[in-house]
Amino acid sequence: MDPIVSRAMAKWPNVPDVYGWLALDRRGQWSIKSASTAGAGFERVANPKLIEFIGRNYAHDDAGRWYFQNGPQRVYVKLDYTPLIYRIASAHPLSFETHVGAPCADLKSVWMDETGNLLLLTEHGPGLLLDRDLPRGLEALSYADGHALDEERLLALIEEGSDAAGVYFNTGAASLPLELIRADEAPQRLGYVREPRPPAGQPDC
């Protein structure tokens, strides 16, 4: 977290939280609620310095709600799917970084949802593997003996939700058993909130 943000939090500790203003999509792109659009319109954040500032001050609370600490004000983030989007940092062996540029040192588990997306859990938290990196991620699926997963078995995992026993995610440096998950179950099972809401009686701000 930026020192200037920490100082602002200490100076103004009781600034109301904000909800429904900032969103994160499945490609790791931020968008903010548009003042010029009626209803729930959002506009993509394009300013590189603002993107970096949000990324440096992006965190979560004990309830699994992710937020951007904007000076003294906590801005809770509406998630399209997961709080982090992972991208491949190195292909051989596979290594990853978050959409805010944090390198991952500890890949804890790997999940596949009903549409074939891969979700990773690292020391930074749960996240979706970026769509453009998914083909390389699927290539990392293998049997226990290290042989690549054949297409028939992969389709069975996706289309039938068949048992993933004996299927592993092999980075070249580590091998983890693949687990299956439904997208609508991911927040509860992986411990995050997709759309934080204010306490009863408190406005969205």
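The values are calculated or read from the model by the stated rules, or taken from the named source; none is laboratory data. Remember, predicted model here, so these are calculated numbers, not experimental data. Cβ placement follows ideal geometry from the backbone for every residue including glycine, while neighbour counts extend to all protein chains displayed. Each accessible area value is taken on the protein alone, full model and side chains, heavy atoms only, with ligands, DNA and RNA left out. Shrake-Rupley method; radii C 1.70, N 1.55, O 1.52, S 1.80 Å.
Please determine, by comparing only the residues of the stretch 122-140 that are crowded, with 21+ Cβ neighbours inside 10 Å and of a type in the set (A, V, I, L, M, F, W, C), which one is farthest from the chain's Cα centre (by Cα).
Among residues in the stretch 122-140 that are crowded, with 21+ Cβ neighbours inside 10 Å and of a type in the set (A, V, I, L, M, F, W, C), the one farthest from the chain's Cα centre (by Cα) is Ala140.
Checking the conditions here, which among Ala165, Ala173, Ala91 is under 30 Å from Glu52 (Cβ atoms) and open to solvent by 60 Å² or more (accessible area, probe 1.4 Å)? Talk me through it step by step, then tell me what you get.
Details: Ala165 fails: under 30 Å from Glu52 (Cβ atoms); Ala91 fails: open to solvent by 60 Å² or more (accessible area, probe 1.4 Å).
The unique qualifying residue is Ala173.
Please work out which residue is surrounded by the fewest Cβ atoms within 10 Å (Cβ to Cβ), limiting yourself to the stretch 141-157 and to residues that are of a type in the set (A, V, I, L, M) and either under 24 Å from Pro83 (Cβ atoms) or touching a helix residue (DSSP H, G or I) at 6+ places or on another chain (Cβ under 9 Å) (or both).
This residue is Ala148.
Restricting to the stretch 94-121, give me the number of residues that are touching a Gly at 6+ places or on another chain (Cβ under 7 Å), surrounded by fewer than 20 Cβ atoms within 10 Å (Cβ to Cβ) and farther than 23 Å from Ala164 by Cβ.
2
Quick check on this structure: which one of Pro187, Pro196 is modelled with pLDDT of 95 or more, surrounded by 17 or more Cβ atoms within 10 Å (Cβ to Cβ) and either more than 16 Å from the chain's Cα centre (by Cα) or in a loop (DSSP other than H, G, I, E, B) (or both)?
Pro196
Which pairs turn up if I take residues in the stretch 143-166 that are of a type in the set (Asp, Glu) and look for partners that are in a helix (DSSP H, G or I) with beta carbon separation below 7 Å, at least 6 apart in sequence or on another chain?
none
Out of (1) part of a strand (DSSP E or B); (2) more than 30 Å from Leu138 (Cα to Cα); (3) among the β-branched types (Val, Ile, Thr), what's the single condition that is false for Val15?
Unmet for Val15, out of (1) part of a strand (DSSP E or B); (2) more than 30 Å from Leu138 (Cα to Cα); (3) among the β-branched types (Val, Ile, Thr): (1).
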